[in-house]
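Below: the structure, in structure tokens.
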Amino acid sequence: MIRAILLSIQRLVLVLLAVAAGAASAQRATFDGGTGLLTLPAVRVGAATYVNVVLGLIDPATFTFRLQTATLQTPAGAADVVFDAASGGLTIPDVAVGSANYSARLQLTDLATYTFVLASAEIKPAASTLAQIQALVFTPMCSGCHDGSSGAILPGALNLTTGNSYANLVNVSAREAALMRVAPGDPDNSYLYRKLLGSGITGQRMPFGGPYLDDATMARIRSWIASGAPNN
């Protein structure tokens, strides 16, 4: 009876974590071409944070925007979008435009009216899938040791063979740290990412003994986790 209650609580916690991750991933900058509104969920300005920031497109030819609304958050919270008062640059690391994602930078041109002009924009590649990471990393470099052969002792207790990686990683507590192996939407606090990076870990960096993953492969894993670590 007690075991059944504990399992029910564990399932509830996992559901709540998934809901929270979904809510977090939804908080991203968006540009609506129909209305011309650029919506920024949160912007950091020095030590302050503003939320529900909306800029309206006033000149499509030059991509000029003017601030419409912004609300000061108390206390200040986290924000990926940053406004640098010294340079007048508004850096937006991820903005959805239709089905595409961009990183962009706006430049303040008129402080009195809070008018900005698009200074740069780069399309961001689509996030990697779990299937791609499985084929590129887990199967050839990890599954030889992490094969699920032992239920209690690492490395065999972790199963990274095809079809088993998701259930063994996503929202599963790490044994060596008070972190999830993969925390959807949060690569920096995902123990898998840390173990592959070799930072903030207990024990050896992975793959054991090297060679370690190059920057491009690490970026693939980071993008999959940042996109919510879907089972794709």
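The values are calculated or read from the model by the stated rules, or taken from the named source; none is laboratory data. These numbers come from a predicted model, not from an experiment. Neighbour counts are summed over all protein chains in view; Cβ atoms, including those assigned to glycine, are modelled from backbone coordinates with ideal geometry.
Of all residues in region 151-186, those being in a helix (DSSP H, G or I) and either under 20 Å from THR202 (Cα atoms) or at pLDDT below 95 (or both) number 2.
Within region 127-159, the set of residues being in contact with a helix residue (DSSP H, G or I) (Cβ under 8 Å, 6 or more places away or on another chain) and touching a residue at least 24 places away in the same chain (Cβ under 8 Å) comprises ALA127, SER128, THR129, LEU130, GLN132, ILE133, GLN134, LEU136, VAL137, PHE138. When only residues in region 197-224 that are touching a residue at least 40 places away in the same chain (Cβ under 8 Å) and part of a helix (DSSP H, G or I) count, which is nearest to LEU136 (Cα to Cα)? Of everything passing the filter in region 197-224, THR217 is nearest to LEU136 (Cα to Cα). Just one of (1) of a type in the set (A, V, I, L, M); (2) assigned to a loop (DSSP other than H, G, I, E, B); (3) touching a residue at least 24 places away in the same chain (Cβ under 8 Å) fails for LEU192. It is (2).
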